[in-house]
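Here is the structure we will look at.
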Amino acid sequence: MTPVEAATGVNVEYLHQWLGSGLSGLTAEHYATLVEESAGYHAAALGPILPALVSLALALAGAGLAWTLYSGTDPQEHTARLGAIQRLLVHNYYQDEYQVWLATGVALPFARVADKFDQGIVDGVVNGVSSASLFSGRRVRKLQSGVVSNYAFLLTLGLVVLLLVVGLYGGWF
């Protein structure tokens, strides 16, 4: 017996079967079949009609209640009777205050830390790579004069140095 079944008396074994059936079984049709077979619950056949009717009834009841309460000449007398709930509703559930606290108390310090990391570490690495590239480019630029005889000399010099290094480490000499 699952804790949900012990607390509510409702058999929810169909959820284990539905979730354990893999990706192919995770469809609404498979779920409806399992609910009807395992739990004996046949209300799934109503489809979206019942939730739509409940939603429409609640909306119409709220509109009717508001019209009844506030269609008179002085609607303030009804809101004054709400007490502490009136303050909560007037302040829009304190959403503005919560969002300001979230922005200034949580997001702003995090953004400052992220900015310090970005400017100190990330920009430092990028600027270091850029500086190394510019430094080596300035040094290599001096080698590129456009004179072909200089290029032939450097090519020959490089080959001789390479042969000497290989010869010394390879045991030729």
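Overview of results
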quantity	calculated
Ranking of LYS116, LYS142 by count of other Cβ atoms within 10 Å, fewest first	LYS142, LYS116
The stretch 88-173: equivalent-ellipsoid semi-axes (sqrt of 5 x gyration tensor eigenvalues, Cα, Å)	65, 18, 8
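Values quoted throughout were computed directly from the atomic coordinates according to the rules given, and no laboratory measurement underlies them. These numbers come from a predicted model, not from an experiment. Positions of Cβ are generated from backbone atoms using ideal geometry, with glycine treated the same way; all protein chains shown enter the neighbour counts.
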